[in-house]
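Quick notes on the structure that follows.
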Amino acid sequence: MTIDWGIIFKSMPLLGHGVVVTLQVSALASILGLALGLVLGLCSLSHSKSLRWIVAGYVDFIRGTPLLIQIFLVFFALPALGIRFDEFWAGVVALSLNSAAFVAEVVRGGVGSIERGQSEAATAIGMRHRQILVYILLPQAYRQMVPPLTNELISLVKNSSLLSVISVYELTRAGQAIISVHFVPFEIYTLLALYYYVLIKVLSWLSGRLERKLPTW
Amino acid sequence: MVTPVIQVQDLSKSFGDNSVLHRVSMDVATGETVVIIGASGSGKTTFLRCLNRLEEPSAGTVRLDGIPVVNIGSEKQIADQRSQFGFVFQRFNLFPHFSALDNVAIGPEKVRGMSKSDASALALAELKRVHMSDHAMKRPVQLSGGQQQRVAIARALAMKPKVMLFDEPTSALDPELVQEVLDVMKELANGGMTMVVVTHEMNFAREVADRVIYMENGKIVEEGPPEILFREPKSHGAQRFLRHLTHE
């Protein structure tokens, strides 16, 4: 077979637009996912049994169903309940809801791994459960939460390619558009793989730097 | 008659089938230093932890200044009541992400609602009391065990507790660091602080304690002034325990 170099050079800027959308979706979804996941994680550590049950049920549902179905639920099923998003925001919402469940587990695990003596000492000086979480346990858990959160962020970026099925014009969808016109699957899918690979590499590198910057004690 | 600071009545604690404390009763008077001794597993630590409800007793009552220490009411009430007890742990349990100063200041600031600057000023004064003001800005990891334990004592003192509870405060220390902690505790006792100390440091007990309590199998077997209890222990268990210690 011969490689069509012309289409590759022509595609690179076109795919660049897709990269921008992929980054936008991923950035928004990771911010929302982190925020919601942090709240859910703290809820799963609260003294309230019903809160813990709700979070556990949520995490269980997200883990037990395919992301693709979750995307369809947000984009096609929620409108039936009167909640309507365009493709872009449906994608952001689906990815956020999905990653929040995993972030919640990371938060719960990270905080749970802090030595018991820490919360006892804080309890002994009269701090309340919420204060202990916020001032004593969470700050100590940050550093060890970075690697699993990086993994989650990487999954999120890769998973964003699934949004092509609801026509979010992100990287994968942009590539498919070119393929459907020029029929060059080998060149374009290879190029897509490279694009994703570079994106992920940059993310891991950034997270490695962040991890080194966080204090040890 | 003056009400004792602490009144313990029939305090029991069991973990499942395992009964660790069995109807322990005792009083602690204001300014008194009580040292609790006994073999490991005798229930000393559990007893101490039941006083400030780090461990929930199975039965019995603890009164602080005549007021029952209970586990009902709002979380804030319970926490406030608990903060009337200063507690010093065997393993210090300093907060590693805070400086020595912030370790001491966090309680006054977050629990007592003091302003940050007031809390820091108080923390510095308490660090001075344990001779640690020169190290105020250091993180726990930069301090020796003895220094960490003194910061932990300052952290408890900053809450202005009515009584200080020490759970084997020198057991996790290298031998050469034990004395500096005991010296601080002695100064506190001499300053009129009410203290309950679980320890194996018999010299400290002899010098500082007003009363020594010997525990065995979750019960108080014998108690008395140190000069009497150490010289002529009446119970078989205390005789054996003390003989064992002096042979070490």
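The table below lists the values:
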| item | result |
| --- | --- |
| Column: log10 I(q)/I(0), Debye, Cα scatterers of segment A:12-76, q = 0.18, 0.25 Å⁻¹ | -0.84, -1.09 |
| Shielding by partners, peptide B:87-96 (average Cβ within 10 angstrom, other chains) | 5 |
| Separation between Cα centres of segment A:46-109 and segment B:1-71, rounded to whole Å | 48 |
| Spatial separation of Cα centroids for segment A:123-151 and segment B:155-224, in angstrom | 31 |
| B:H244-B:N190 pseudo-label distance in nm [points 7 Å out on the Cα-to-Cβ vector] | 3.3 |
| Karplus (6.51, -1.76, 1.60) ³J(HN,Hα), θ = phi - 60°, over segment B:196-206, in Hz, Gly and Pro reported as x | 10, 10, 8, 7, 9, 7, 5, 5, 4, 4, 4 |
| Reachable lysines from A:K213, criterion Cα separation under 29 angstrom, eight or more residues apart if same chain | A:K158, A:K201, B:K110, B:K116, B:K138 |
| Estimated translational D of the protein assembly as shown in µm²/s (Stokes, Kirkwood radius over Cα pairs; 25 °C; 0.890 mPa s) | 94 |
| Amide proton proximity set for B:E216, modelled H, under 5 Å, gap of 5+ | B:V221 |
| DSSP-defined beta bridges in the protein assembly as shown - what % are antiparallel, rounded to 5 | 55 |
| Karplus-derived HN-Hα couplings along segment B:106-111 (A = 6.51, B = -1.76, C = 1.60, θ = phi - 60°), whole Hz, x at Gly and Pro | 4, x, x, 6, 7, 8 |
| Long-range HN-HN contacts of B:V20 with modeled amide H, under 5 Å | B:K13, B:S14, B:F15 |
| B:F87 long-range amide H proximity, modeled H, under 5 Å | B:L165 |
| Relative contact order [Cα under 8 Å, 6+ residues apart], segment B:96-228, whole percent | 20 |
| DSSP-defined beta bridges in chain B - what % are antiparallel, rounded to 5 | 55 |
| Mean ellipticity per residue at 222 nm, deg cm²/dmol - from DSSP H runs of n ≥ 4 across the protein assembly as shown, formula -39500 (n - 2.57) | -17500 deg cm²/dmol |
| Cα gyration tensor, segment B:101-202 - rounded (a/c under 1.5), prolate or oblate | oblate |
| Scattering profile of segment B:78-124 at q = 0.25, 0.27 Å⁻¹ [log10 I(q)/I(0), Debye over alpha-carbon scatterers] | -1.02, -1.09 |
| Average partner coverage of B:191-201, which counts Cβ from other chains inside 10 Å | 0 |
| Sorted largest first, extent of chain A alpha carbons per principal axis (Å) | 72, 45, 23 |
| Distance between segment B:126-150 and segment A:178-217 - C-alpha centres, whole angstrom | 48 |
| Shape of segment A:8-123, Cα gyration tensor, a/c cut at 1.5 | oblate |
| Chain B: C-alpha gyration tensor shape, a/c 1.5 cut-off, then a/b vs b/c | oblate |
| Average other protein chain Cβ within 10 Å of Cβ, residues A:125-135 | 6 |
| Where N is the number of residues in segment A:106-217, Cα Rg divided by 2.2 N^0.38 Å | 1.61 |
| Distribution of pairwise C-alpha distances over segment B:24-89, 10 Å bins, in % | 17, 54, 26, 3 |
| Highest-MSF residue in chain A out of A:Q144, A:Q24, A:Q118 [GNM, Cα springs under 10 Å] | A:Q118 |
| Rel. contact order, % - alpha carbon contacts under 8 angstrom, at least six apart, chain A | 30 |
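No value in this document is a laboratory result; all are computed from the given coordinates. These numbers come from a predicted model, not from an experiment. Cβ: placed from backbone, ideal geometry, glycine included. Neighbour counts: every protein chain shown.
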